[in-house]
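Have a look at the structure below before the remarks.
Please treat every number below as a calculation from the coordinates, not as lab data. None of the values given here were measured: they were computed from a predicted structure. Here the Cβ is made from the backbone with ideal geometry for all residues, glycine too, and neighbour counts use every protein chain on show.
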Amino acid sequence: MRRLFPSPLTPADLEDREWGLDELADFYAYPEQAGVGGRAWLRANMVSSLDGAAHHEGRSQPLSSAADMRIFGTLRGLADAVVVGAETVRQEGYRPARAREAFAARRAALGQGPAPVIAVVSAGLDLDFSLPLFASPLVPTIVLTGAGAPAERAEAARASGAEVVVAGEGRGVDPARVPQVMAERGLTRLLTEGGPRLLGQFASARVLDEMCLSLAPVVATGTAPRIMSGPPLAVPERFALGSILEEEGFLFTSYRRI
Ligand SMILES: NC(=O)c1ccc[n+]([C@@H]2O[C@H](COP(=O)([O-])OP(=O)(O)OC[C@H]3O[C@@H](n4cnc5c(N)ncnc54)[C@H](OP(=O)(O)O)[C@@H]3O)[C@@H](O)[C@H]2O)c1
């Protein structure tokens, strides 16, 4: 892995070498303003093909790489909570987040639990609550939904051990409310792993603070969506380049909302 931006500071930055998890964790540390004034910081992590596909045949794995997975794991290791759309949970067979030794001391120092909370966003709650994600996580999974979601499904979620959190007046979640609702639970370092429909809503609601985009050097074609699909913004919103790392032609970028 090579650091391309900000410009390399030391000869070690120029070298193409494997970065340790500690080094990656330092590089991707959440900004100090995460949590200040009760405001959560919402970071997204997605991978895209060169032609803009957000998945290949329903999975993101064919677009990913070992380095992408290391960064994915690091971003999880830094987060208080991972916010994810129900379709990604269903398609990718989400499991509970693991406690990883590499991040244990760092998490303890910040007062974080052993693993990030997974927060699943769903309106219909058509989820299998007997799965380990809900029934046996290290830290209870949150189900984010609307006040009008099916009551018996919300009850099934609670019965499995999940915490049901209402963040919308209708069936669904008001995406603009998610950072605040999570911050009220002390979860201020947020990571969303999509999918495109959920991420598009966060961006349209202007609550996406940071985009960590992995650009994979592959062409997928087909009809997969791009990494965000949601209501269009009247004026495209400007982000500033934060960083670029490179490994085997993959570009690991981060951008912050201005
Ligand atoms: N390239 C990447 O990095 C990446 C990352 C993640 C996912 N993916 C891929 O993306 C695909 C899935 O993405 P997707 O865009 O179809 O779905 P998604 O965003 O993961 O999930 C959509 C679902 O989330 C729930 N949802 C979304 N907005 C909501 C709201 N405001 N209120 C309540 N519930 C809401 C709904 O669940 P209910 O239907 O339960 O109501 C909706 O059907 C998968 O193929 C996955 O592999 C790629």
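The mean of 1/r over all distinct Cα pairs in region 39-257, once inverted, gives the Kirkwood hydrodynamic radius of 17.7 Å. Label-to-label distance, ARG256 versus GLU32, with points set 7 angstrom from Cα along the beta-carbon direction: 1.1 nm. Each label was represented as a point 7 Å from its Cα along the Cα-to-Cβ direction; for GLU15 and GLU184 these points are 5.0 nm apart.
With K and R counted +1 and D and E -1, the other residues having a Cβ less than 11 Å from that of ALA119 yield a net charge of -2. Take every Cα pair under 8 Å whose residues are at least 6 apart in sequence, average their separation, divide by the length of region 39-257, and the relative contact order is 30 percent.
Taking label positions 7 Å along the Cα-Cβ direction at both GLU169 and ARG226, the computed distance is 3.2 nm, reported to one decimal.
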